[in-house]
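The values are calculated or read from the model by the stated rules, or taken from the named source; none is laboratory data. Predicted, not measured: the structure shown is a model, and the values here were computed from it. Every residue, glycine as well, gets a Cβ built from its backbone with ideal geometry; the counts of neighbours run over all protein chains shown. The area values use the complete protein model at the heavy-atom level, side chains included, leaving out ligands, DNA and RNA. Shrake-Rupley method; radii C 1.70, N 1.55, O 1.52, S 1.80 Å.
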Amino acid sequence: MDHGLLNVPLAKRGDIDAQLDAYRAEQARVANRTRKAAAQATAELRTTAKALVKSMSDERIAELAQKLKSTPAQVRRLLMSNAHWMPQVVIATAVADSGGAA
């Protein structure tokens, strides 16, 4: 503890509340920028995943429907739902399917 600093009047030491407010405001700005960047990246992934599902051939959808013991309409609806909630999984699956078929 610096006794020289303790002898300085509070008004001249600086306003700790203002410093805390500035720090919290900066942290909020950083968190907001990070959240917006993540939201934009997710939106781009969703767009890509939905485009991949729409471009799937009817034969591929029929194969998946047979594996899942479901109808092609249900599989397409499931894939579109997954493209919204888990776009990375749909993209990885679609890329793996197209890479294996080539």
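Odds and ends about this structure:
- Highest mobility in the GNM of the chain, judged by mean-square fluctuation with C-alpha springs under 10 Å and restricted to Ile91, Ile16, Ile61, is found for Ile16.
- Inter-label distance, nm, simple model (7 Å from Cα along the C-beta direction), Ala22/Ala37: 2.4 nm
- Available extension along the chain between Asp15 and Glu44 is 6.0 nm, counting 0.36 nm per residue and deducting the alpha carbon span.
- Counting protein heavy atoms only, the chain has 60 percent of its accessible area on carbon and sulfur, 1.4 angstrom probe.
- Each principal axis of the Cα atoms in segment 1-99 has its own extent, and those three values, largest first, are 82, 24, 21 angstrom.
- In the full protein context, the chain carries 77 Å² of accessible surface per residue, based on a 1.4 Å probe and ignoring ligands, DNA and RNA.
- Between helix 72-85 and the chain: long-axis angle, C-alpha atoms, 0 to 90°, nearest 10: 10 degrees
- Only aspartates and glutamates eight or more places from Lys54 in sequence, or on another chain, were considered; those with a Cα closer than 19 Å are Glu44, Glu63, Asp97.
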